[in-house]
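These notes concern the structure reproduced below.
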Amino acid sequence: MASRVRKPAVAGSWYPGDRPALAGEVDAWLAAAAPREPVGRLVGLVAPHAGLRYSGAVAAQAYALLRGRRSLTAVLVGPSHRVAFDGVAVYAHGAFETPLGMVRVAEDVAAALLAADPGIREDPWPHREEHSLEMQLPFLQRVVPDVRIVPVLLGSQARAEVELAATALAAALAGRDAVIVASTDLSHYQPAARAADLDARVTECVGALDAAALMARLDAYRGHACGGGALAAAMKAARALGATRGEVLRYADSGDVEGGDKSRVVGYMAAAFTAPAPA
């Protein structure tokens, strides 16, 4: 096992802290996900990063598209909630640990990403307590037996950062068997009807695979999505890698759980970006 292991930060709070309970909960969400196949070649996914109780059903709808994959490199792109910095920080060596075991970093792909632009830097520090990427791991571990990851955090999610990340991702992933996973929640702590209206402005951009329109809306109202910049970077990179189609797979909010509060919700989306299937 690699010498550098990033320990779980939110196990036991945001999701179960022991293997049997976590495996059982993730498997139940995946079993409940509506069966569907990607339309064409899968280039990217969008999944939320809230506590499993609230967003598990939505996340499962995205990860269900990976059923049947034995191996995969997943490039996880998300926002930094706990460490303020400018730029793009990659966790380039070692592994991430969850109660389900270790997930190895795809060090060759991470190296290609770092080489794509000097503005992309290796920096494990912002990853230490960040949940936006960690929340993706249990689903990946249960769906893809041999999954490797490249964890990527955007600091400010400003336009320059989005462009930097998108260009580097497209360069590093060209020709590779990799899927970009954008981690974002949508509007925060609005009444459900207001949240649905705000979030529809994001899901419309995602369905059209229109990163420019998404960035314009984020500039106008930053409350649209906490990982909006990461999402826009993933969309732009997916376009450059051949994706022509965006599909919103599911939308829900935190108030949809049993006993949920509809007066102050967080919105969640699952989506996929696909390229035409090879002839």
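The values are calculated or read from the model by the stated rules, or taken from the named source; none is laboratory data. Everything numeric here is computed off the predicted structure, so don't read it as measured data. Note that each Cβ is placed from the backbone with ideal geometry, even for glycine, and that neighbours are counted across all protein chains shown. Ligands, DNA and RNA are stripped out before the accessible areas are found, and what is left, the full protein with its side chains, is counted by its heavy atoms. Shrake-Rupley method; radii C 1.70, N 1.55, O 1.52, S 1.80 Å.
A Förster radius of 25 Å, combined with the Cβ-Cβ distance separating ALA28 from LYS262, puts the computed FRET efficiency at roughly 0.55.
Accessible surface computed residue by residue for the chain, with neighbouring protein chains in place and a 1.4 Å probe, gives 39 Å² per residue.
Extending 7 Å from the Cα toward the beta-carbon at both VAL83 and ALA174 defines two label points whose distance is 3.0 nm. Take 28-39, 62-73, 225-236, 155-166 and order them by the average number of nearby Cβ atoms within 10 Å per residue, most first; the result is 225-236, 155-166, 62-73, 28-39.
For segment 1-86, the spread of Cα coordinates along the three principal axes comes to 37, 32, 29 Å, biggest extent given first.
Once the cut-off is 24 Å, how many percent of the Cα-Cα pairs in segment 161-279 end up in the long-distance tail? Don't skip to the answer; put the middle values down first.
On the way: 1960 of 7021 pairs.
When every Cα pair of segment 161-279 is considered, 28 percent fall beyond 24 Å.
Dividing the convex hull volume of the alpha-carbon atoms in the chain by its residue count gives 115 Å³ per residue. Dipole of the chain computed with +1 at Lys/Arg Cβ and -1 at Asp/Glu Cβ about the Cα centre; of TYR221, ALA57, SER263, farthest Cα towards the positive end is ALA57.
What translational diffusion coefficient, to the nearest whole µm²/s, does segment 29-187 have by Stokes-Einstein, given a Kirkwood radius computed over alpha-carbon pairs, a temperature of 10 °C and 1.306 mPa s viscosity? Present the calculation step by step, with values, prior to reporting the outcome.
Working: Rh = 15.8 Å.
This corresponds to a translational diffusion coefficient of 101 µm²/s.
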